[in-house]
Each structure stands twice: as structure tokens, then as C-alpha cells.
Amino acid sequence: MINKIKTLRETIEGIIITDQPALEAFHQQFLGKKGIIAALFNTFKGLSIAEKKVVGIALNDLKTIAENKAKQSKKELNLEVLPTVAHQTDVTLPSFGPEIGSLHPLRIVQNKIIASFRKIGFNLIEGPEIVEDWYNFGALNFPENHPAREMQDTFFVQRNPDRLLRSHTTTVQISTCESTPPPIRSIAVGRVFRNESISARSHCFFHQVDGMYINQDVSFRDLKQVLYYFLQDLFGSTTAIRFRASYFPFTEPSAEVDVTCQLCAGKGCTICKQSGWVEVLGAGMIHPNVLTNCHIDPELYSGFAFGLGIERIAMLLYQINDIRLFSENHMIFLSQFAAEG
Ligand code: DAH
């Protein structure tokens with residue numbers, strides 16, 4: 001047996017494996033379960049202890065030599081680094097990028113508005129969404145019997161008729177003026193709530209921006225100039241702007257401001273009801289009673305204020321025809337703004 005092993009060893013050492021089929025054949029012939037070496041191990045079991053001592057070492061050596069040969073050839077043939085096709089991974093392929101979110105269209109418009117007012121020195125201020133009647137109505141010079149105080153417009157906090165969900169961000173004017181001496185140049189941004197039925201045109205919550213400037217000798221001229229600047233910054237320099245006399249309890253005189261319809265460029269369409277104009281904001285000179293309510297002397301100071309709805313602006317800028325889309329979280333709708341944010 002020892003001679004047989006010797007011959008086999010020489011044979012194995014002399015074999016040159018040139019390709020994968022040859023390697024597989026080698027494996028099968030010498031190292032497989034039914035291969036020559038396995039057969040020798042079977043014979044080995046029947047030997048005497050004295051014979052086993054001699055043959056065992058040679059047989060193990062033979063097995064090691066055959067195994068090394070197979071390993072070495074595999075390496076030389078580059079087979080080791082090539083796993084089977086099923087597990088093959090092409091590490092050079094580009095990976096799937098992470099899914100990156102995008103800003104909500106309302107946030108994009110809000111950021112544009114804030115950036116526009118920041119450029120001319122307005123601070124961003126905040127106020128709470130639940131306020132006392134005084135901040136939403138009383139201090140803003142709403143007469144006791146004003147219809148906007150009625151239950152159909154305002155959400156009151158249950159069991160406390162003095163607390164309500166603010167129906168406009170003009171509330172923040174009061175809290176700011178109470179705590180800050182003039183000059184004040186600020187904008188407040190946030191969500192407001194109204195007890196209105198939900199449709200394509202109206203919602204029970206939406207977002208507003210409210211701004212004010214209070215100083216000595218502030219006039220309607222300053223208001224017009226700031227709004228001309230702002231609206232052309234937002235809608236483009238060719239946008240025309242017009243002021244119409246209006247009424248708000250907290251401003252005197254008051255105005256509503258229209259811009260050229262963004263959808264038909266002023267030619268007339270269904271959105272602007274063929275007028276070529278769309279209303280975008282309310283504004284006016286802060287009523288002396290409002291200043292007095294905030295402990296600011298109206299003999300010394302005057303101010304202007306304005307307010308606008310962010311949804312309305314976004315609908316005009318992006319030609320969105322249903323206000324409900326802003327709060328329904330449709331990915332198809334939202335993903336259209338990915339490039340904007
Ligand atoms: N608060 C008004 C509204 O919700 C908008 C508004 C009008 C705000 C005139 C103002 C203003 O600050 O001066 O309809």
C-alpha cells in the first residue's frame with residue numbers, strides 16, 4: 001500500500017491542471033467521496049495497528065498534497081474570486097440612491113415670502129394657535145357684534161368661550177406690540193382656523209402671513225412701496241398691482257390688493273372671472289385704537305399692516321386648482337415640487 005501511495009503522490013505532483021473542467025475531474029478522481037484517496041482510507045481501516053502507523057502518515061500526506069494541488073490550481077485559474085453566478089455581485093454598478101424628501105409647496109412659498117421680507121429688514125415672529133378673544137378680536141377693534149365673532153366662523157375651545165383657534169395671524173401683531181416698543185418691522189407666519197366647509201376653494205385650516213411696520217411718520221405711501229416691492233419680488237417684475245378701498249376693523253384706511261392674474265397674464269380667464277386681476281392680500285394703516293390697545297401712543301407712532309394667505313399664493317404660482325391638495329399628502333402631487341425646495 002505504501003508503494004501505491006508513493007506512485008499516486010508522484011502522479012498527483014506531475015498533473016498540470018489547465019482549466020476548470022480539468023480541476024473538477026481532478027477533484028472527482030482523487031478527492032471525491034468515491035475517489036482514489038477515499039478508497040485508500042477505506043482500505044486503511046482494515047490494516048493492523050503497526051501498518052496503520054506507517055501508512056497513516058503517508059496517506060494523510062497524500063491527501064494534503066492533493067488538496068493543496070486543487071487549491072493552488074483554483075487560485076491560478078482565478079476561480080476562487082469568481083463565485084457562482086447566483087451570488088455574483090457587480091460592485092461597480094451604481095447603487096440605488098436614498099429616497100430624499102422634498103419641501104411641501106406651502107413651505108416653499110412661505111420660505112420665499114420670508115426671504116423677500118428679510119431682504120428689507122423684517123423680523124420673523126411667532127405666536128400661539130390658541131388665543132384669547134382679546135388677541136383675535138377685542139384688541140383688533142372688532143365691534144362686539146361683528147359677524148366674524150359668531151360661532152360659524154370661529155372654532156372656540158370647548159367650555160371656554162374666551163379661548164379660540166386663531167382665525168388669522170393678525171393676532172400676533174397684538175402680542176408683539178404688547179411686548180416690543182417701536183420701531184417694529186415684523187412678519188408672522190402660521191396656521192389659522194375657520195369653521196368653513198371644505199371645498200376646492202376653502203378649508204377649515206390654512207396658512208397666513210401677517211406683517212406690520214410701526215414707527216414715527218409711517219404713511220400709506222410706505223405701505224404701497226413695500227407691497228409693490230414684495231409682490232413684484234414674488235410674482236415677477238412685470239406683474240401689475242392695484243389697490244382697492246376695503247374695510248377691516250383693525251386698519252383705517254384699508255385696502256385689498258390685486259395682482260395681474262398669473263394664469264392668463266391679465267387677459268381674462270375663469271380663475272380671475274374674466275377680470276385679469278386676482279386679489280392677494282388685505283392691508284391698511286393700523287387703526288389708532290389697535291395701537292392704544294397695545295399701549296403704543298397713536299399720537300407719536302403710526303404703522304401699516306398687511307395679511308395674505310399662503311395657499312392662495314401657492315395656487316396662483318403653481319396653478320393648483322384645489323386647496324385640499326395641500327393637506328391630503330398625495331405623493332404624486334408632493335413629488336412635483338422636489339426640484340423647487
Ligand atoms: N386678517 C385679515 C384676514 O384674515 C387679513 C389682513 C388684512 C391682515 C389687513 C392685516 C391687514 O394685517 O392689515 O382676512
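The values are calculated or read from the model by the stated rules, or taken from the named source; none is laboratory data. All of these numbers come straight from a predicted model, not from anything done at the bench. Using ideal geometry, Cβ is built from the backbone for each residue, glycine included, and neighbour counts are taken over all protein chains shown. Just the protein is used for accessible areas: all its heavy atoms, side chains included, with ligands, DNA and RNA removed. Shrake-Rupley method; radii C 1.70, N 1.55, O 1.52, S 1.80 Å.
Remarks
- Near Pro105, once Lys and Arg are set to +1 and Asp and Glu to -1 for all other residues with Cβ below 10 Å from its Cβ, the sum equals -1.
- Accessible surface comparison of Ile332, Ile271, probe 1.4 Å, protein chains only, largest first: the order is Ile332, Ile271.
- Per residue, the chain exposes 58 Å² of solvent-accessible protein surface, assessed with a 1.4 angstrom probe and all protein chains in place.
- GNM top mover of Gln88, Gln173, Gln110 - the chain, alpha-carbon springs below 10 Å: Gln88
- Ser275-Gln88 FRET efficiency (beta carbon distance; Förster radius 51 Å; 0.05 resolution): 0.15
- Net charge over other residues, Cβ less than 11 angstrom from the Cβ of Ile187 (K, R count +1; D, E count -1): 0
- Alpha carbon centroid spacing (whole Å) that separates segment 189-210 from segment 265-341: 11
- Within segment 105-337: Cβ-based charge dipole about Cα centre, in debye rounded to nearest 20 (Lys, Arg +1; Asp, Glu -1): 840
- The chain: DSSP helices with Cα axial extent of at least 30 Å and average Kyte-Doolittle hydropathy no lower than 1.0: none
- The chain - percent of accessible surface contributed by carbon and sulfur, probe 1.4 Å: 53
- Test item: Cα-centred dipole of segment 278-341, Lys/Arg +1 and Asp/Glu -1 on Cβ, debye: 100
- Inter-site label distance for Arg201 and Glu340 at 7 Å from Cα along Cβ, in nm: 2.2
- Label-point separation in nm, Ile120 to Leu47, each point 7 Å along Cα→Cβ: 10.3
- Inter-label distance, nm, simple model (7 Å from Cα along the C-beta direction), Arg191/Phe155: 0.8
- Within segment 55-80, backbone nitrogen closer than 14 Å to the virtual label 7 Å beyond the Cα of Arg9 toward Cβ: 55-67
- Taking 0.36 nm per residue of sequence separation and removing the Cα-Cα distance, the Glu328/Glu252 pair yields an extension gain of 23.5 nm.
- Computed per residue of the chain from DSSP H runs no shorter than four, each worth -39500 (n - 2.57), the mean residue ellipticity at 222 nm is -10500 deg cm²/dmol.
- Potential extension, Asp19-Leu300 segment - 0.36 nm per residue separation minus Cα distance: 91.2 nm
- Of the trypsin sites (Lys or Arg not before Pro) found in segment 125-172, the ones in coil according to DSSP and having at most 10 other Cβ atoms within 10 Å of their Cβ are Arg159.
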